Amino acid sequence: MTENKMEKLISLCKRRGFIYQGSEIYGGLSGTWDYAPLGVTLKNNIRNLWWKKFVTDREDMYGVDAAILMNQRVWQATGHVGGFSDPLVTCDNCKKRFRADKVETYDMKTKKGKCPDCAKGNLSEPVQFNMMFKTNVGAVQDDASISYLRPETAQGMFVNYKNIVDSFHPKLPFGMAQVGKAFRNEIAPRDFTFRSREFEQMEIEYLVNPKDWSATFEHFRTEIIDWTKQIGLNPTHVYENEIGDEDRAFYSKRTIDFEFEFPFGRSELYGLAYRTDYDLKKHSEFSGVELSYLDEETKEKFIPHCIEPSFGLDRTVLAVLSDAYMEDTMSDETRVYLKFAPSVAPVKVAVFPLLKNKPVLVEKAETIYKELRKEIGAVMFDDNGNVGKRYRRQDEIGTPYCVTVDFDTIEKDDTVTVRDRDTGVQARVAVKDLVSYLKAKLS
Ligand code: GAP
């Protein structure tokens, strides 16, 4: 299944309304994806769980929602204008462009290699290609009006550090958190949403006294692992890759890449970096604004150091979809289902009347549906086709439980069947107990 799992997943995402190609009716726009109703709900569920775990449930986090467009000095200060680039190589035969470090046939030392596409041409020496999308703010297009679509959410927090301190007077350690869009003009977008040109990040800039960096790093290391379990990722698919001195960003003193076994191979899912005082120091230098912290107790004054856990939201959605994708045999048929953790499933329960043309069943099913919607929220009503087909449809979108109203419900004992997505096993549950039964199962 692994070789074509990705194609199957992409096809299911389109067919069932999770993710569509961006601008599809115009032939698409490379590196962009549109989330469809079920994909939006899945993504929102993940985003909300992240926010709850890392912001609401903690007392040391401050949420930020900064503008995507920022003063160009921000990106000069951080080094993005000068150095946020990837090595671009061009084939002298087919003229296609590639990211040199991602081409297996290219030797970064000798700066030579064959074109992976046409296999005839030679690839050029790399030139550095800046990945920021440049734009102009206002009616005048000159150097002073240049701005960029932010390539990371992180800087929207660093530039608000002083504002947060002035408004809330937090004591170290504390963190700032933000979820939002980031844009990178990737040379080679690839693997569905994995490497996109427009994507969302969920980032934390956690500020500490430098003496505490190591313990905080360890704390977030375990929190990240805990998070991957919470959203239902298979622990054997998550790896920690300690980045060596030669490969780390120049400002980082320690970085762990959390990698995930995607269907196309093991690749980066999240990053955890000790960014030292690099960002705040640079912003202080470039803005001329004092950004140091005064410890009232020790009278020590210093620029706080930063531990940054950085999560890609779209990559999380892709990892969750990938681990949820299952095939088995049920009633002598191959079945595809998404084994979502209930907390991320876009639809938690589906309610069916056994037969569509029996008003007594439909009415009862509608009453139950309305009650469950009030109590559980994401509940779907489905009376299309036979029950077997409805089960398959719900399996394919990962609905954990299906409730069917049949003649026994009406004529016998006011019970319904509740079918479990993963086993297909059905239980009869009294309608009066249904809400508490389902809530317990979903929790
Ligand atoms: N502030 C640090 C930072 O931006 P990064 O490793 O460049 O670090 C963090 O990005 C996370 O953002 C990655 O681990 C990944 O999950 C996500 N990400 C980065 N580039 C991406 C892209 N082109 N498409 C989708 N997600 C991306």
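Looking across segment 241-285 at every residue that is out of contact with any helix residue (DSSP H, G or I) (no Cβ under 8 Å at 6 or more places or on another chain) and part of a helix (DSSP H, G or I), the one that is nearest to the ligand (Cβ to nearest atom) is identified as Y278.
Remark: L338 falls outside the filter, which requires a residue to be within 30 Å of D226 (Cα to Cα), in contact (Cβ under 8 Å) with a residue 60 or more places away in the chain, buried (at least 18 other Cβ atoms within 10 Å of the Cβ) and within 16 Å of the ligand (Cβ to nearest atom).
All of (1) in a strand (DSSP E or B); (2) open to solvent by less than 20 Å² (accessible area, probe 1.4 Å); (3) not charged (D, E, K, R) hold for F192 with one exception: (1). Considering segment 132-164, the residues that are part of a strand (DSSP E or B) and within 16 Å of the ligand (Cβ to nearest atom) include one that is surrounded by the fewest Cβ atoms within 10 Å (Cβ to Cβ), namely F133. Restricting the first member to segment 280-291 and to residues that are free of Cβ contacts under 8 Å to residues at least 24 places away in the same chain, and the second to residues that are assigned to a loop (DSSP other than H, G, I, E, B), the beta-carbon pairs closer than 6 Å and six or more apart or on different chains are K281/I303; S284/L291. The residues of segment 385-443 that are open to solvent by less than 40 Å² (accessible area, probe 1.4 Å), within 17 Å of L355 (Cα to Cα) and more than 31 Å from the chain's Cα centre (by Cα), listed by number, are V387, G388, T404, V405, D406, T409, T415, V416, T417, V418.
Of V351, V362, all but one fail to be open to solvent by less than 10 Å² (accessible area, probe 1.4 Å) and more than 29 Å from the chain's Cα centre (by Cα); the exception is V351.
The values are calculated or read from the model by the stated rules, or taken from the named source; none is laboratory data. Quantities reported herein were computed from a predicted structural model and do not represent experimental measurements. Glycine gets a Cβ as well: all are built from the backbone with ideal geometry, and neighbour counts include every protein chain shown. Protein only, heavy atoms only, side chains kept; ligands, DNA and RNA dropped before computing areas. Shrake-Rupley method; radii C 1.70, N 1.55, O 1.52, S 1.80 Å.
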